[in-house]
Each structure stands twice: as structure tokens, then as C-alpha cells.
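Take a look at the structure below.
Read the figures in this text as sums done on the coordinates, not as results from a lab. None of the values given here were measured: they were computed from a predicted structure. Please note: Cβ atoms are built from the backbone with ideal geometry, for glycine as well, and neighbour counts cover all protein chains shown.
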Amino acid sequence: VKGRPDFPSDPFDDVEAARRWMTTFTAWYNTIHLHSALKFVTPAQRHRGEDGDLLARRDALYRAARDDNPTRWSGPTRNWTPPASVLLNPGKPPRDQEKADTNMT
């Protein structure tokens, strides 16, 4: 939040000013901002279950563009498969799993 260019450089005048700013920020974050972890759909679209259809249409568009002009593509199109789950703050793997992963390499 503090990294946003529109975050006030001075403290909020009062609690109501902070609430107004957060209300505006939350609306933008959930309904306008396209999230890379969600394959560039909004959290609201994901929550409403619209992401699958949007990403399928996007995938079809990319494939059609590649088929229309294959010389412009050096590889496959982007993976537009909806993520199975998205974690807000993914934690570290349990220590036992971390050790197992290290031993396999």
C-alpha cells in the first residue's frame, strides 16, 4: 500500500480520511488492478468465477495471433491456465519438506 504513487506523503488528517483512501484503494485493487499471480485478471473476476472464461478467450486470441503470423513467435504462447490456488502470504515449507527438497538436489 505504501508503495502506491498516490499514497499520501503526509499523515492522514483523521481516521475518516484514512478510511476514504483505503476504500478507494480497495475498490481499485479488487476491480481494476490486473494481478500477475491471477494471470492478469482482477480479484473480483476470480472471486466471481469469471477467470476461466476470460483466460480461455485470451488463450484463443494468442493462439490465433500466432497462427496468423507464426514468424513473430519464437516459442509457445503464454500459459493462460487459471491457477488452482493463489496464496496471499505463502509461508515457508515445513522444515522436514525443506530438508527433503535439499537432499534431492
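Each of D10, D67, D59 has some number of other Cβ atoms within 10 Å of its Cβ, and from fewest to most they run D10, D67, D59.
Ordering L61, L55, L87 from the fewest to the most neighbouring beta carbons within 10 Å gives L87, L61, L55.
Computed on the chain, with alpha-carbon pairs under 8 angstrom and 6+ residues apart, the relative contact order is 18 percent.
Amide H to amide H distances under 5 Å link V41 with H35, where only residues 5 or more positions off or on other chains count and H is placed in the peptide plane. The loop-placed chymotrypsin sites (Phe, Trp or Tyr not before Pro) in the chain, going by DSSP, that have at most 14 neighbouring Cβ atoms within 10 Å of their Cβ come out as F12, W73.
Both radii were evaluated on the Cα set of the chain; the Rg over Rh quotient, with Rh as the Kirkwood radius, amounts to 1.13. For the chain, the Cβ-based charge dipole about the Cα centre amounts to some 340 debye (Lys, Arg positive; Asp, Glu negative; other atoms uncharged).
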